[in-house]
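Heads up, the thing below is written out as structure tokens.
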Amino acid sequence: MISFTIDNKEVDLLLSDLMRINKSNLHRGIGFIIENSVVAEVDRMGLVDTGAFKNSINHNVYDETHVKVGDQVKYGKYLEFGTRSRNTLLSKEHRSKLSGGIQEYAPFRKGLIKSIKAIEDFVAKKILKEAT
């Protein structure tokens, strides 16, 4: 699960003239953008077998300060971080039984990076809409 925090102080500074903007809707829109970008990365990387991983990717907005984008399958962390890391939850014995281990694909990190421009455009449009 990838999690990031949007500090309301920063949002308030950025939108100081537009205090009537609904931050919950703003965060929800950002969550959708990231979620869609991650799903696109999963498709691009060919990580779809049964579709369980792709269909489990979702986002949640918590108390107007947090947007969490993640998946609901046990193996999602291995697709993100691989199995060769010392920090993995698989034991060395279990990793050795995998044929070469699962490589790091990082669909969440790549999806987040690729969604930055779309997030900037979304926020700019939201600001323009609220200003008019």
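The values are calculated or read from the model by the stated rules, or taken from the named source; none is laboratory data. All figures in this text were calculated on a predicted structure; none of them were measured in a lab. Here the Cβ positions follow ideal geometry from the backbone for every residue, glycine too, while neighbour counts run over all protein chains shown.
Look at the range 44-72 and say how many of its residues are without any contact (Cβ under 8 Å) to a residue 40 or more places away in the chain, under 19 Å from Ile116 (Cα atoms) and in contact with a helix residue (DSSP H, G or I) (Cβ under 8 Å, 6 or more places away or on another chain). Matching residues across the range 44-72 total 5.
If you go through the range 26-58 and keep only what is among the aliphatic types (A, V, I, L, M) and part of a helix (DSSP H, G or I), you end up with Leu26, Ile30, Ile33, Ile34, Val38, Val39, Ala40, Val42, Met45, Ala52. Counting only residues that are over 14 Å from Glu35 (Cα atoms) and within 21 Å of the chain's Cα centre (by Cα), which one in the range 90-116 is modelled with the lowest pLDDT? The residue in question is Ile102.
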